[in-house]
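First up is the structure itself, then whatever we jot down about it.
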Amino acid sequence: MKDRISQEIKVAMKAKDEVRLSTLRLILTEFVRKEKEKGIPPTDEQCVQILQTMVRKCKDAAEQFRNGNRPELAEKELVEVTIIESYLPAQLPEEQVRELALAAIAEVGAKTPKDMGKVMGVLTKKLAGQADGSVISRIVKEELQKMGS
């Protein structure tokens, strides 16, 4: 993943695409930071986690800028989100996440919302990079609440 980003930086430099270039540099910086922190290059799974965190931060920043009446900065953050998301695996549709959530609930024998942690532990590993954690959490909570009532 790191090599791919490095190649994309060269392409963006040649194309003089400043927004893409700055976003790719941010991504590479995060990968290098993780590498220095751990002492070894991040795995592709860790790279996906880094990218997901970056997307979440950009979306939060965009929301803050919108609330602060700075639409131009919010738009810049959302463009960055689009670029970062292009390096993430395709996201599963909610129906498929719901099916997998029901299977995980059955697998761990969850009966009430108190069992959410067990289900999330299994499901987040299975769906790493394929679904946003907030979507997984919402669906698991909905399904467990149905069972508990």
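Values as computed for the structure displayed
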item: Among the residues listed as Leu78, Leu51, Leu73, the single one being more than 21 Å from Val135 (Cα to Cα) and assigned by TED's automatic domain parsing to the domain that holds Glu8; result: Leu73
item: Selection status of Glu35, at pLDDT below 95, assigned to a helix (DSSP H, G or I) and surrounded by 12 or more Cβ atoms within 10 Å (Cβ to Cβ); result: yes
item: Considering residues of the range 16-28 that are without any contact (Cβ under 8 Å) to a residue 60 or more places away in the chain and farther than 26 Å from Ala131 by Cβ only, the residue farthest from the chain's Cα centre (by Cα); result: Lys16
item: When residues of the range 61-110 are limited to those that are among the acidic types (Asp, Glu) and over 13 Å from Val140 (Cβ atoms), the one surrounded by the most Cβ atoms within 10 Å (Cβ to Cβ); result: Glu80
item: Filter result (exposed (fewer than 12 other Cβ atoms within 10 Å of the Cβ) and in a loop (DSSP other than H, G, I, E, B)) within the range 111-149; result: Lys111, Thr112, Ser149
item: The range 38-57, residues that are of a type outside the set (Gly, Ala, Ser) and either touching a helix residue (DSSP H, G or I) at 6+ places or on another chain (Cβ under 6 Å) or exposed (fewer than 14 other Cβ atoms within 10 Å of the Cβ) (or both); result: Lys38, Ile40, Pro41, Pro42, Thr43, Asp44, Glu45, Ile50, Leu51, Thr53, Met54, Val55
item: Answer from Lys38, Lys34 - the residue that is free of Cβ contacts under 8 Å to residues at least 60 places away in the same chain, in the same structural domain as Glu77 (by TED's automatic domain parsing) and either under 21 Å from Pro89 (Cα atoms) or in contact with an Asp or Glu (Cβ under 6 Å, 6 or more places away or on another chain) (or both); result: Lys34
item: Hits in the range 104-125 (condition: at pLDDT below 90 and of a type in the set (Asp, Glu)); result: Asp115
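Per-residue answers, yes or no, for (1) within 21 Å of Ile27 (Cα to Cα); (2) of a type outside the set (Lys, Arg):
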{"site": "Lys59", "(1), (2)": "yes, no"}
{"site": "Ala62", "(1), (2)": "yes, yes"}
{"site": "Asn69", "(1), (2)": "no, yes"}
{"site": "Leu73", "(1), (2)": "yes, yes"}
{"site": "Leu78", "(1), (2)": "yes, yes"}
{"site": "Ile83", "(1), (2)": "yes, yes"}
{"site": "Glu94", "(1), (2)": "no, yes"}
{"site": "Ala103", "(1), (2)": "no, yes"}
{"site": "Thr112", "(1), (2)": "no, yes"}
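The values are calculated or read from the model by the stated rules, or taken from the named source; none is laboratory data. A quick note: this is a predicted structure, and the numbers were derived from the prediction, not measured. All Cβ positions, even for glycine, are placed from backbone atoms using ideal geometry, and neighbour counts span all protein chains on display.
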